[in-house]
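The values are calculated or read from the model by the stated rules, or taken from the named source; none is laboratory data. Bear in mind that the values here come from a model prediction, so they are computed numbers and not experimental data. Every residue, glycine as well, gets a Cβ built from its backbone with ideal geometry; the counts of neighbours run over all protein chains shown. The protein model used for the area step is the full one, side chains on, heavy atoms only, and it has no ligands, DNA or RNA in it. Shrake-Rupley method; radii C 1.70, N 1.55, O 1.52, S 1.80 Å.
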Amino acid sequence: MIVLRRLGAGLVVLWVAATAAYLALLAAPGSTVDSIIGDGADTPLIRSQIIQEWNLDRPAVVQYLDYLWRFGHGDLGRSYLLQRPVRDVIGDQIFPTVKLALAAAGLGIVLAVLLALTTRRPWSRRVSSTAELVLVSTPPFLIGLVLLSVFSFQFGLFPVSGDRGLAALVLPAITLALPVAGVLTQVLRDGIDRALEEPFVVTARARGLRERAVLARHALRHALLPAVSLLGWLCGTLLGGVVIIETVFGRPGLGQVTLQAVGSEDMPVVLAVVVFSAAAYVLLNTAADLALLVVDPRLRASTS
Amino acid sequence: MRHRFRLATVVTLALLAGCSGGGSGATDEAGAPASGGSLTWAVETEPITLNPHQYAQAKARLLVWNSFEALLTHDDKGGYLPWLATGYEASPDGLAYTLKLRTDVKFSDGTAFDAAAVKANTDLLLSEGYAPTVKAVQLKNLKSVEIVDPATVKYTLTRPDVLILDFLSSPQGAIVSPASLTAAKNLKAGGVELAGTGPFILDRYSPGQELHFKKNPAYNWAPANAGHSGPAYLDEVTYRFLKESSVRVGALTSGQVQVIEGVPATDEPQITGNPTLTLSKGLNSGSAYSYYFNTAHAPFDDIKVRQAFRDALDVGTVLQAVYRGTATRAWSVVGPTSPFYDKTLESTYGNDPARANATLDAAGWATRDSDGFRTKNGKRLTARLVQSAPFVRDRRDILAQTVQAAVKQSAGIDLQVAVVDQGTATKALADGQYEIFDNSRADTDVGAALNLLLTSNGAINRTGVKDPALDGLLDKAVSTGDNSARSASYKELQQKVITTDALIQPLYAPADQIAAAKTVGGLHFEPTAGVPGSAYNVWLGK
């Protein structure tokens, strides 16, 4: 029952996301024809041929329903601009993006947990939170360029571009992971602080538990709750971040495809990317809910 | 030591002179041409299509000629050289062009190149819905293509149009294996499935990352100006897409790529200050980057205001401020490298604020409002320039702001610059909500650009001028193949639009840059087009 409800809610989210993207592009100035023409020759004949090719003369509602109908049947359509099936355009690019996002998420989370647990002393804590603030407020673009110029251009440790093996993944993943780590560390540290004031910590200490064990086994578990709920935010940050990271590092991926598609009102591609992102979001949020059940036994009782 | 330094300086200077002359760009370090090796070249733009017929990005031109070839090619004097054709012959009335074809050419898919292949390509271009822009612009006067014999084709026109030769030398006129055209799953996107006759074969395309070409060992039909004959020197060449200029430069200085294309003025010192790298520049063909005055309504319907705008502006100083001396000033709408460029226009107008102010006073814009802008009957002297963000390059937005400040200060003209999305820009242009339109075109024959920009029904006519005299001149200039007659028509045209009618404010000649490790030889700019050439004549020094 819960599974069905989840599935239903997920589908509704997908539909709303696709519709919102469609409406947004419809409301944007100009038309698909304009963007296909670009700054090239613009004659009525050329226009009419483009309109005919893509059936753009149908009313917006009909086009919308047509999109939905075809989407429902797994047909993502063809890209206006790239003249290839959207399935190919996106299919080629999902894996590099997912790889980067997962690497960045993993790295960010590990960094955050380590930092939150180790920087408990006042001075280390101050240094760490300053660094976190700086990282959170620096545009990823800049972080990427700085990392590139030091580790790639100066020392030649990592290649600058492309999706070519593990070495090429290191710098982009770090660039994307640093701001994530910055936010998560702050949330975790705050959670740990609050947990440490709880009576059960006193009990644990009274049982003779070492401070490290208190932190890792008791306080961290409590601090994880708000952090886990941030998974949805994490998904958005990562998907938004890859747009910039991929451009700076010359990496293939969904970010570049999205940027180009939105700029040129390439409707089929935009819709496919939005639905994919929404699906990732739904999936991650479901995973977060399940994770909460694992972390917090109190929730298990209330759901059953 | 000192002596060697001097020697090095002399050599470097000589090389720089060679490069700026559009020479081979060979360096001592590269040594004599040698076969073998693989090269990585970072480029700014990922092409939106790899089908040469659909080509629309000047920045993608350097990729096209690696795997595809046209019937003719441009020389550096405004003429044409044989390529896949052995020569052409125009009928006396200018209505038919007969081309003899090479008989020793094979497409990389093994099929033979012949008259039937040429006809299949042209017929496809003429078909509905395949390449609307090519059909409506480049082939607008083409009636039909006939196979005379397997090695001869005849193009018949509806009216004399010498630009058909320009088409036959253009990427859109490249000949693709008809078998691959039929078999291609994504015809308009092109890619590895389309086979050409070029010195390289595209064997891998990783979208968002790179294009990989391997040598075509059977290649033996290079045009006379290609630098050598026989197969290409390089075994492999990879073009990597790096959109960020600083990342491209960093990749070059750290040796991760050997060649880059697109070096903005701000990054030039990093290349020129590095003894292992060279920088060379080529001016693009086509029309110069210019402001076109919209004469359809006030204030630029008055020629006095147009003249005053140009007098108010010191183009040289503005370019120096924005491009730090790396830009080449344009004096005509025709680019300075074109054989039809009218050099006599140089220094004939502009940078005379006193005259600008006097002209505006006389034209009725004598009063000023509280912000210091000129007014007439309570209306401010405003000119709106709308730039479409996706097509702003070379810091043209910054240039516009600098012009804005200059004309405000010198003559009280209110230039309003808006950088907007493509849709908003298109709408502003369609509704006539602009006074200045900015544009440059990279057509190899500037006539193609001028036809679009200046004829009464031109597809990019934004001046609103409908002048039979202009149309007549433009028509006359493309109705003959005689370059001196064409030159005379285009000079008359330039005198008219620049001097007599003051329709245009030319600004600078767009350029391309190549920066490379000195161990790379044979880098060059394509004759006439002025864009980086293909990798055919490029070699790696041992």
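Structure notes:
- Computed about its Cα centre, the charge dipole of chain A is approximately 1720 debye, with only Lys, Arg, Asp and Glu carrying charge at their Cβ.
- Annotation: amide H of residue B:152 within the under-5 Å range of B:101, B:115, sequence separation 5 or more or interchain, hydrogens built in the peptide plane.
- Between helix B:115-126 and chain B: long-axis angle, C-alpha atoms, 0 to 90°, nearest 10: 30
- Remark: segment A:104-118, residue by residue, has Karplus-estimated 3J(HN,Hα) of 5, 4, x, 4, x, 5, 4, 4, 5, 5, 4, 5, 5, 7, 8 Hz, where x stands for each Gly or Pro and the curve is 6.51 cos²θ - 1.76 cosθ + 1.60 at θ = phi - 60°.
- Exposed trypsin sites (Lys or Arg not before Pro) absent: longest stretch of chain A, with sites in DSSP loops and at most 15 other Cβ within 10 Å deemed exposed: A:1-163
- Heavy-atom accessible surface of the protein assembly as shown, averaged per residue, reaches 42 Å², computed with a 1.4 Å probe.
- For residue B:232, distant residues with modelled amide H under 5 Å away: B:216
- Per-atom-type breakdown for the protein assembly as shown gives carbon and sulfur 61% of the accessible area (1.4 Å probe, protein chains only).
- Loop-located trypsin sites (Lys or Arg not before Pro) in segment B:400-469, at most 16 other Cβ atoms within 10 Å (DSSP): B:466
- Here the gap between residue A:3 and residue A:221, fully extended at 0.36 nm per residue and compared with their Cα-Cα distance, gives a gain of 75.8 nm.
- Tensor-based shape of segment B:170-221 (alpha-carbon gyration tensor, a/c under 1.5 rounded, otherwise prolate or oblate): oblate
- Proximity of backbone amide H atoms, modeled 1.01 Å from N, is registered between residue B:288 and B:334, B:335 at under 5 Å, excluding neighbours fewer than 5 places apart on the same chain.
- Taken along its three principal axes, the alpha carbon spread of segment B:287-509 comes to 57, 37, 37 Å, from the longest extent down to the shortest.
- Amide N proximity, segment A:214-239 versus residue A:298 label position 7 Å along Cα-to-Cβ, cut-off under 13 Å: A:222-226
- Hydrodynamic estimate: the Kirkwood radius of the protein assembly as shown over Cα pairs, inserted into Stokes-Einstein at 4 °C and 1.567 mPa s, corresponds to D of 43 µm²/s.
- Gyration tensor over alpha-carbon atoms, segment B:413-500, equivalent ellipsoid semi-axes in Å: 28, 14, 12
- From the Kirkwood radius over Cα pairs of segment A:1-110, Stokes-Einstein at 37 °C and 0.692 mPa s returns a whole-number translational diffusion coefficient of 192 µm²/s.
- Taken about its Cα centre, segment B:112-161 carries a charge dipole of roughly 220 debye when the Cβ of each Lys and Arg holds +1 and the Cβ of each Asp and Glu holds -1.
- For segment B:158-253, applying the loop criterion from DSSP together with a ceiling of 10 other beta carbons within 10 Å to the trypsin sites (Lys or Arg not before Pro) yields B:185.
- Scalar couplings 3J(HN,Hα) for segment B:187-204, obtained by applying the Karplus form with A = 6.51, B = -1.76, C = 1.60 to θ = phi - 60°, are 3, 6, 7, x, x, 4, 7, 8, 9, x, 10, x, x, 10, 10, 6, 10, 8 Hz; x denotes Gly and Pro.
- Size descriptors for chain A: radius of gyration and Dmax over Cα atoms are 23.6, 85 Å.
- Gain in span if fully extended, residue B:480 to residue B:466, counting 0.36 nm per residue against the direct Cα distance: 2.7 nm
- Residues in segment B:187-214 that, when all protein chains are in place, have 30 Å² or more less accessible area than the chain alone would give (probe 1.4 Å): B:188, B:189, B:207, B:208, B:209
- Interface residues of segment A:242-261, defined as a loss of at least 10 Å² in heavy-atom accessible area between the chain alone and the complex of all protein chains with a 1.4 Å probe, are A:247, A:248, A:250, A:252, A:256, A:260.
- Residues in segment A:60-100 that, when all protein chains are in place, have 50 Å² or more less accessible area than the chain alone would give (probe 1.4 Å): A:83, A:84
- Cα gyration tensor shape of segment B:39-169, rounded if a/c is under 1.5, else prolate or oblate by comparing a/b with b/c: prolate
- Taking both sides together, the accessible area buried where B meets A is about 3200 Å² for a 1.4 Å probe.
- Here chain B is scanned for GluC sites (Glu not before Pro) in DSSP loops (not H, G, I, E, B) that have at most 14 other Cβ atoms within 10 Å, and the longest stretch holding none of them is B:129-345.
- Diffusion of chain B by Stokes-Einstein, at 25 °C in a medium of 0.890 mPa s and with Rh set to the Kirkwood radius over alpha-carbon pairs, works out to 99 µm²/s.
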